[in-house]
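The values are calculated or read from the model by the stated rules, or taken from the named source; none is laboratory data. Predicted model only: the values in this text are computed from it and were never measured. For neighbour counting, all protein chains shown are included, and Cβ atoms are generated from backbone atoms with ideal geometry for every residue, glycine included.
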């Protein structure tokens, strides 16, 4: 059991996300950003909100590769995300607006987070 724990610790500490995973997340988020901005420009809050909703997991998933860590299960993401060293300032407030804010707060938080993630994934 001790050896298994050592292996798991080593793998976690030396984890590197694959370039294919980074490309997939980046593509999804770039596409989502374009769709959200287009919907807002057309004053279509329903569509903007829908795109934010369908992109939220990928948005959260995008923060982990920036830190060279695997994304934890959905039930653990919000608990562990605050422990990551590389994250946006005021992440807690942004996530609160993203999940429980009104449509304007949700979309503006999503846009900010997507842009931050895309900028930081460029170096991966």
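Remarks
- Among the residues of the stretch 106-122, those identified as surrounded by fewer than 16 Cβ atoms within 10 Å (Cβ to Cβ) and either at pLDDT 95 or above or part of a helix (DSSP H, G or I) (or both) are 112, 115, 118, 119.
- The residue that is surrounded by the most Cβ atoms within 10 Å (Cβ to Cβ), among those in the stretch 78-91 that are at pLDDT 95 or above and within 14 Å of residue 59 (Cα to Cα), is 87.
- Residue that is farthest from the chain's Cα centre (by Cα) [pool: residues in the stretch 81-90 that are part of a helix (DSSP H, G or I) and without any contact (Cβ under 8 Å) to a residue 12 or more places away in the chain]: 83
- Every condition in (1) under 14 Å from the mean Cα position of the chain (by Cα); (2) touching a residue at least 40 places away in the same chain (Cβ under 8 Å) is met by residue 57 except one, and the failing one is (2).
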